Amino acid sequence: MENFDLTPAPQLLQILGDLNFKGWQCIAELVDNSIDAIINGSELTKEQKIINVFVPTPSKLKQQEPLVVEDFATGMTEAQLENSVRAGFTSKNTRGNIGLFGMGFNVATSRLANTVEVWTSTTEMDHEIGVRIDLKEMAQNKSFIRPKLTRPKKVGKSSGTEIKIFDYK
């Protein structure tokens, strides 16, 4: 897999008009996703149950220092990463649920900024995979296709997911 197809699911059009997140709610949604990964991770070590959140100061925001939410849970495969950032996709049972139906990540990140990077790896991987979602570029190119990125794993990190947010709104 060389690219990620981020074409939204049809549910997107039904939900977009009603969502109005504040900045703190957007960050809370991203932290909640990390909490879900920890809760659903079987047999995680104490070190894997950590979530780091870095919110830049107002002056650092002006300098475009990224907001970062990082967990050390199980991480995601390529297919899981592609689905997790695709608007409208959810692996959760949405019947009878008032959740965001696969929209939480997309609404949270797009309300905060124009650009987000997601990096992830499982313990089986020898590197991290990632995707950069640049809303301005995607609108200009009229394409939801995004290249798959790779980088070495961070020293001491066996698995988990990192979300970096840039180009604030």
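Every number here is computed from the coordinates shown, using simple stated rules; none is lab data. Predicted model, so just to flag it, every value in this text is computed and none were measured.
Tabulated data
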| read-out | value |
| --- | --- |
| Set of lysines near K169 by C-alpha distance (under 23 Å), chain-local residues within fewer than 8 positions excluded | K22, K60, K62, K136, K142 |
| Candidate aspartates and glutamates - alpha carbon under 15 Å from K49, same-chain residues fewer than 8 apart omitted | D32, D36, E70, D71, E162 |
